[in-house]
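Structure, as structure tokens:
FYI, it's all coordinate maths here, none of it is from the lab. Not measured: the values here are computed from a predicted model. Ideal geometry is used to build each Cβ from the backbone, glycine not excepted, and the neighbour counts take in all protein chains shown.
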């Protein structure tokens, strides 16, 4: 008997007999219900990642200015009247009715040095008008454009704009790009083989707005062929192809081609000569995908300015927070650093992202031990400073004053630091807002120092951290946490891309062994992941 026949015998004719049924109850039992007779219970939590459009809409809805947010909090405090609650009073607790007032300091923004001029930072950003990249590679780069179902005129216009802008910023690209059409993934493979054989330096790939083609391109280019790619969405080429967008794309391209976009004119680097900046992050699968391994991303600088980085990624047990393979990761980073600098670092400043307070001892016992063990193997003993970077907390700053033309949400200015009153009494800790908040109340970053063998002063660490927020190669603005930690997040995201398309997973070690990045490619283009 079909489901439709069963319901007909119960005097109900299905309105949509062609729709799929829901399989409910124990998996071994075959209980099927028509969708039209089911409803979703209200108020359930959803253990699934929201889509990009949903996240954007939610942020826009939740973004409120500091004054409005402060007023909401005070209204709720007055409504709940905690101090009249008998349970709270029995514990001898009283809640204050106003905000804690703290003194803040504002750090001076560094000057940004380009090849032909200096740029000044204002409100967390700077302009690059008439500036040239600090160190583009002098050779002319062989490049190509791969395009799919898009009008050829847009492809031609993209080539013109890239060439026009690249001359202004002193990035040397050949006067003409090789433009090839691809129909499907098989043709992509053939094109990548051709590019590899003819030693192309970078390939711009125009990808559809939806689907997994970005992941496919990165897997084929980096795990199979060793080709440097720059993906651009079709909608960007068709609707948003202006000088500003092309400028942002070339920031990434120059970094990928081993160029240096800019450095900081600051005496602080002189205080810490021969320093390696290390950033680490672990990304976990969403709660409905626990069979997928967690991805570790670690980025490390290999130049004197903290501008050029290389990456290592690993796969490990799902939901495990501390990095298991820190020793081998650090060994690789130290070898790369020695290759570029001809010496091992005297200082390692380690920014660790995404760790809750209860996991600090694990980070000390496992990850810092792994870093020390790697240094010992190479017979070097640098001074290690480990700073935990946390953005998931509920502390916010509400400045006195009113919104202005340059600060319509009335946020604290970039460079604001608080290291008294509201910080941990026994640990070296500080809060910093290093970026300009575009919408809503600025989410400040909390930094906790859990290891400091070089006895670095807190003022030096604060200035160094703020400076590193200006070294993110993707944009001409200060970001909300230091570049090494941000790049580690990108490294972990790239590792996650390599897992796309796989449905059955063996052990993390076996899965990682199947997804090794082309070794020669890692050597020639260490910053490919930006």
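Summary of values
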| quantity | calculated |
| --- | --- |
| Overall form of region 136-256 per C-alpha gyration tensor (a/c, 1.5; a/b vs b/c) | oblate |
| Peptides 445-458, 277-290 ordered by average Cβ neighbours within 10 Å, highest first | 277-290, 445-458 |
| Order of 470, 262, 90 under a 10 Å beta carbon neighbour criterion, fewest first | 90, 262, 470 |
| Region 63-158 shape via C-alpha gyration tensor axes, a/c threshold 1.5 | prolate |
| Computed [θ] at 222 nm, helices only, for the chain once each DSSP H run of length n ≥ 4 contributes -39500 (n - 2.57) | -9000 deg cm²/dmol |
| Sorted by Cβ density within 10 Å, fewest first, the residues 9, 507 | 9, 507 |
| Between region 100-136 and region 12-57, the alpha-carbon center distance in angstrom | 52 |
| Listed candidates [x] 26.5, 86; [y] 23.6, 74; [z] 22.2, 68 - label of the one calculated as Rg and Dmax of the Cα atoms in Å | [x] |
| Prolate/oblate/rounded call for region 42-93, Cα gyration tensor, a/c under 1.5 rounded | oblate |
| Cα centroid separation, region 211-270 to region 313-337 (Å) | 25 |
| Burial ordering of 256, 115, 408, fewest other beta-carbon atoms within 10 Å first | 408, 115, 256 |
